[in-house]
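Colleague: This is the structure, below, for whatever I ask next.
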Amino acid sequence: MSSSGNKQEAAISESEVQSAPPTPRPPPVSTPPSRFHSPSPSPTPAGGGRSPLRAMASPLRAMATPLASPVRKAVATVRECLEEVGHITRLADPRDAWLPITESRSGNAYYAAFHNLSSGIGFQALVLPAAFASLGWTWAIICLTLAFAWQLYTLWLLVRLHEPVAGGVRYSRYMHLATTVFGERWAKILALLPVMYLSAGICTALIIVGGGSMKMLFGIACGEACLARPLTTVEWYLVFICAAVLLSQLPNLNSIAGVSLVGATAAVAYCTMIWVVSVAKGRVAGVSYDPVKAPNDVDAALSIVNGLGIIAFAFRGHNVVLEIQGTMPSTMKHPSHVPMWKGVKVAYAIVALCLYPIAIGGFWAYGNQIPPNGILSALYKFHSRDVSRMVLGITTLLVIINCLTTFQIYAMPVYDNMEAGYVRKKNRPCPWWLRSGFRAFFGAVNFLIAVALPFLSQLAGLLGGISLPVTLAYPCFMWVAIKKPRKGTATWNVNWGLGILGMSISFVLIVGNLWGLVEKGLRVKFFKPADSQ
């Protein structure tokens, strides 16, 4: 009996050593010797079966033992880890981890604020006083306020639609969401052109603005008595795109967060400097705040349409919102829409503090004498002699910096799309030399467009009408299609109403601006960028 008991005791000890979890051992517990050493089976009730009460109690009693306590803790810890890590939302395609937008998911609210501020404010804000000249004080402020509130609402819709179902697929690209809602065929018809314009078209406009600003900066720095031969406008475009392509070698969207911060800071700085200098110098002689009188009703209507198009053009950036949010980690406990919306609120509060002063202050200073190219041209036209060259030079330099940095964030979706074709075909990451080649090729194409079409700034109203559905209409339809609110509810009515209204305004802007172009024509020539300066 004693040898049998010793063998059983040794077996129990060995079993404890092998199965115990890697936690501190609990203190030893004394058990009755008669139970611990006895090899005989426990008595059974009459009938030869095991007692039902004993069968039910044994698992509970086992879980109540001190040895099971660390096991329960370990199970609870594993369960929490699974809830935190195991429910991280998956990529739509595992190969997306090789693409620039979804390659890194370490973004945060600060990165979101930098990217949204860099994409939400820029050279288009400088044209807003021209819209005031077409609409007048009252209607311009009303339209600007309504457009700002409307685009902020649709921005919130996109942030929530990025991950509509917790633990489900994340829509890290605008075209992915559009394809899911509209289908592949209609997504290409409805969304591809506006989205590609907002990426490639804005990059082309940035070359025109940035290259022209480089030319101005050279003239300011060199002075009237400069003997150096100035570069032509086309050569300045080439200088700008070379610098932009060199900066675009940063691999992914998260890696340009610092670049976006520099660009956003530059945009806020030059917007503030321009309107402060304009207001400080006072109103120009003969200023008038009445809308520009047109010779007939058709021209008056076209002027109003152009003003609305300029306001619509000022609010762009929705085509990169899903991409920005795609750089963030997301779990069940910490979904990505929380830090994204924090960054968006900070960014657009600063955007409002820039747009309203530059629009109101610029119109107050120049009235209906504001040039079509905006307040920066007015600053050079009216104050080139009574403002120090240093102020003009710093302002122009900040515009160049902002154009270079904004180019990166708007070009990233195009880079992503170009690399996606290679990744899908070869099923491997894009090599660094091919990635650099794609980005250089995109820069060359934009350079050629900028040289061939140097008058894009005169098409701001038309381009604003084309891109307006991406900002104000499509997010409303996407919300109804994915979230499926009950028909007749306030959410259903508001989104359908705003979506239809946005499409209607877009149609009116496109038709009106095309009619204006047919009536007046473009007073520029193709492949003559000097004529547009």
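The values are calculated or read from the model by the stated rules, or taken from the named source; none is laboratory data. Since the model is a prediction, treat every value here as computed from it, not as a measurement. In this analysis, Cβ positions are derived from the backbone assuming ideal geometry, glycine residues included, and neighbour counts consider all displayed protein chains. Areas reflect the complete protein model, heavy atoms only, side chains present, ligands, DNA and RNA absent. Shrake-Rupley method; radii C 1.70, N 1.55, O 1.52, S 1.80 Å.
Colleague: Kindly indicate which of Leu227, Leu193 is of a type outside the set (Gly, Ala, Ser), open to solvent by 30 Å² or more (accessible area, probe 1.4 Å) and either at pLDDT 90 or above or within 22 Å of the chain's Cα centre (by Cα) (or both).
Modeller: Only one candidate qualifies: Leu193.
Colleague: Of Phe407, Phe438, which residue is under 19 Å from Tyr197 (Cα atoms) and free of Cβ contacts under 8 Å to residues at least 60 places away in the same chain?
Modeller: Unique residue meeting the criteria: Phe438.
Colleague: Shifting gears a bit: Could you look through the range 342-356, keep only residues that are open to solvent by 10 Å² or more (accessible area, probe 1.4 Å) and among the aliphatic types (A, V, I, L, M), and pick out the one that is nearest to Met273 (Cα to Cα)?
Modeller: Looking at residues that are open to solvent by 10 Å² or more (accessible area, probe 1.4 Å) and among the aliphatic types (A, V, I, L, M), I get Leu353.
Colleague: Still on this structure, I have one more. For the range 312-341, what are the residues that are open to solvent by 40 Å² or more (accessible area, probe 1.4 Å) and either within 30 Å of Ile141 (Cα to Cα) or in contact with a Leu (Cβ under 6 Å, 6 or more places away or on another chain) (or both)?
Modeller: If the condition is that a residue be open to solvent by 40 Å² or more (accessible area, probe 1.4 Å) and either within 30 Å of Ile141 (Cα to Cα) or in contact with a Leu (Cβ under 6 Å, 6 or more places away or on another chain) (or both), then Trp341 is the only one that fits.
Colleague: Something else about it: Within the range 280-311, count every residue that is open to solvent by 50 Å² or more (accessible area, probe 1.4 Å), within 20 Å of Ala125 (Cα to Cα) and among the small types (Gly, Ala, Ser).
Modeller: Qualifying residue count for the region: 1.
Colleague: Filtering the range 111-160 down to residues that are buried (at least 19 other Cβ atoms within 10 Å of the Cβ) and among the β-branched types (Val, Ile, Thr), which residue is farthest from Ala205 (Cα to Cα)?
Modeller: Among those residues, the one meeting the criterion is Val159.
Colleague: Could I ask something else about it? Any chance the range 218-226 includes a residue that's acidic (Asp, Glu) and farther than 30 Å from Phe507 by Cα?
Modeller: Yes; the residues of the range 218-226 include at least one that is acidic (Asp, Glu) and farther than 30 Å from Phe507 by Cα.
Colleague: Only one of these conditions is not met by Ile207: (1) touching an Asp or Glu at 6+ places or on another chain (Cβ under 9 Å); (2) surrounded by 18 or more Cβ atoms within 10 Å (Cβ to Cβ). Which number is it?
Modeller: (1)
Colleague: Continuing with this model, one more query. Do we find that Thr265 is over 14 Å from Ser118 (Cβ atoms), assigned to a helix (DSSP H, G or I) and among the polar types (S, T, N, Q) in this structure?
Modeller: On the way: over 14 Å from Ser118 (Cβ atoms): no; assigned to a helix (DSSP H, G or I): yes; among the polar types (S, T, N, Q): yes.
No, not satisfied.
Colleague: Taking Arg424 as the residue in question, decide whether it is out of contact with any strand residue (DSSP E or B) (no Cβ under 7 Å at 6 or more places or on another chain), open to solvent by 60 Å² or more (accessible area, probe 1.4 Å) and not in a helix (DSSP H, G or I). Working first, answer last.
Modeller: Values: out of contact with any strand residue (DSSP E or B) (no Cβ under 7 Å at 6 or more places or on another chain): yes; open to solvent by 60 Å² or more (accessible area, probe 1.4 Å): yes; not in a helix (DSSP H, G or I): no.
Answer is no for this residue.
Colleague: For Gly343, indicate whether it is of a type in the set (Gly, Ala, Ser) and on the phi > 0 side of the Ramachandran plot.
Modeller: Considered against the rule, which asks whether it is of a type in the set (Gly, Ala, Ser) and on the phi > 0 side of the Ramachandran plot, Gly343 comes out as no.
Colleague: Which helices (runs of 4 or more DSSP H) does the range 441-533 wholly contain that include 3 or more residues that are at pLDDT 90 or above?
Modeller: Qualifying helices (runs of 4 or more DSSP H): 474-483, 490-520.
Colleague: Residues that are more than 28 Å from the chain's Cα centre (by Cα) and at pLDDT 90 or above: does the range 294-303 have at least one?
Modeller: No, the range 294-303 has no match at all.
Colleague: Same structure again: So for the range 236-256 (the condition being within 30 Å of Gly367 (Cα to Cα) and either touching a helix residue (DSSP H, G or I) at 6+ places or on another chain (Cβ under 8 Å) or surrounded by fewer than 16 Cβ atoms within 10 Å (Cβ to Cβ) (or both)), does at least one residue qualify?
Modeller: No, because not a single residue in the range 236-256 is within 30 Å of Gly367 (Cα to Cα) and either touching a helix residue (DSSP H, G or I) at 6+ places or on another chain (Cβ under 8 Å) or surrounded by fewer than 16 Cβ atoms within 10 Å (Cβ to Cβ) (or both).
Colleague: Quickly run through the range 262-279 and pick out the residues that are open to solvent by 50 Å² or more (accessible area, probe 1.4 Å) and more than 23 Å from Tyr111 (Cβ to Cβ). Walk me through how you get there before you give the answer.
Modeller: To start, the set of residues in the range 262-279 that are open to solvent by 50 Å² or more (accessible area, probe 1.4 Å) comprises 262, 265, 272-273, 275-276, 279.
Result: Thr272, Met273, Trp275, Val276, Val279.
Colleague: Something else about it: Among what's in the range 268-293 and is of a type in the set (Val, Ile, Thr) and assigned to a helix (DSSP H, G or I), pick the residue that is nearest to Val387 (Cα to Cα).
Modeller: Val277
Colleague: Inside the range 346-392, can you point out the residues that are free of Cβ contacts under 8 Å to residues at least 24 places away in the same chain, among the basic types (Lys, Arg) and in a helix (DSSP H, G or I)?
Modeller: If the condition is that a residue be free of Cβ contacts under 8 Å to residues at least 24 places away in the same chain, among the basic types (Lys, Arg) and in a helix (DSSP H, G or I), then Lys381 is the only one that fits.
Colleague: Sticking with this structure for a sec: With respect to Ala221, determine if the residue is under 23 Å from Ile394 (Cα atoms), over 27 Å from the mean Cα position of the chain (by Cα) and without any contact (Cβ under 8 Å) to a residue 24 or more places away in the chain.
Modeller: No: the conditions fail for Ala221.
Colleague: Residues in the range 217-233 that are assigned to a helix (DSSP H, G or I) and farther than 20 Å from Ala444 by Cβ: how many?
Modeller: Within the range 217-233, residues that are assigned to a helix (DSSP H, G or I) and farther than 20 Å from Ala444 by Cβ number 6.
Colleague: Give all pairs with beta carbons closer than 9 Å in which a residue from the range 234-261 that is free of Cβ contacts under 8 Å to residues at least 60 places away in the same chain and part of a helix (DSSP H, G or I) meets a residue that is surrounded by fewer than 20 Cβ atoms within 10 Å (Cβ to Cβ) and of a type in the set (Phe, Trp, Tyr); count only pairs at least 6 apart in sequence or on separate chains.
Modeller: Close Cβ pairs satisfying both conditions: Trp236/Phe218.
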